[in-house]
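The values are calculated or read from the model by the stated rules, or taken from the named source; none is laboratory data. Only a predicted model underlies this, so the values are computations on that prediction, with no experimental measurement involved. Counting neighbours? That spans all protein chains shown, and the Cβs are built from the backbone with ideal geometry, glycine included.
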Amino acid sequence: MTPTVRRSVAVLALGTALVATGCGSTTADRAAVVDGTVIRETDLQAAMSEINGMDPALLQDQLTPSGTLTALVQAPVVLDYLAGKGVVVSDSVASREAADRGVAEPSDGTLQVIKLASAISAAQQSGSLTESDGQALTEQLRSQDVEVNPRYGAFDPDTASIQLGQPSWVEAFDAGQ
């Protein structure tokens with residue numbers, strides 16, 4: 001093989017590798033990955049925007065990106081657990097709730113947050129959510145494999161939530177220097 005042919009083969013191999021890498025999974029548009037399931041940044045942003053724009057408000061306080069992501073990470077586990085206790089909020093009920101609050105076509109993330117808030121509220125009101133249930137839920141949430149995009153914080157297994165923090169590579173600003 002001549003040097004020109006070798007170079008051409010090497011360039012072709014490199015090009016193929018780059019194309020194949022581009023076709024694989026990327027971290028773009030990933031807010032988090034929970035047990036292999038991707039929560040997309042666009043879904044997080046849509047849910048946060050829709051929930052915060054509701055009138056009347058669904059929640060007492062405005063959702064933050066890390067708060068929204070916490071809800072989206074916790075929702076599948078909490079909703080499944082509460083369904084086992086007979087507390088179920090359907091997509092149609094959540095859609096109606098969104099429409100009543102001014103969101104005609106809610107995103108899937110918005111529906112998840114509404115279902116989570118409604119199910120927790122119903123479980124608390126009915127007394128079907130005990131302290132031992134809370135502990136069992138926390139253990140289930142802790143056992144998840146959660147990878148968070150650093151822009152949103154980090155998963156804190158003690159609270160089973162996304163917590164903002166200062167990355168270890170960022171030094172605190174000292175005004176006295």
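Among residues of the range 109-153 being surrounded by 13 or more Cβ atoms within 10 Å (Cβ to Cβ) and not in a helix (DSSP H, G or I), the one that is farthest from the chain's Cα centre (by Cα) is Ser128. Of all positions in the range 65-88, at least one carries a residue that is charged (D, E, K, R) and closer than 29 Å to Ser49 by Cβ. Taking each residue of the range 130-157 that is more than 21 Å from Ile120 (Cα to Cα) and looking for partners that are aromatic (Phe, Trp, Tyr) and not in a helix (DSSP H, G or I) with beta-carbon atoms closer than 7 Å, six or more apart or interchain, yields Val146/Phe155; Val148/Phe155.
Every listed requirement among (1) modelled with pLDDT of 95 or more; (2) under 18 Å from the mean Cα position of the chain (by Cα); (3) surrounded by 12 or more Cβ atoms within 10 Å (Cβ to Cβ) is met by Asp29 save one, (1).
In the range 134-148, is there at least one residue being closer than 23 Å to Glu41 by Cα and touching a Leu at 6+ places or on another chain (Cβ under 9 Å)? Yes. If we scan the range 40-63, do we find a residue that is touching a strand residue (DSSP E or B) at 6+ places or on another chain (Cβ under 8 Å) and either aliphatic (A, V, I, L, M) or within 16 Å of Ser161 (Cβ to Cβ) (or both)? Yes, some residue in the range 40-63 is touching a strand residue (DSSP E or B) at 6+ places or on another chain (Cβ under 8 Å) and either aliphatic (A, V, I, L, M) or within 16 Å of Ser161 (Cβ to Cβ) (or both).
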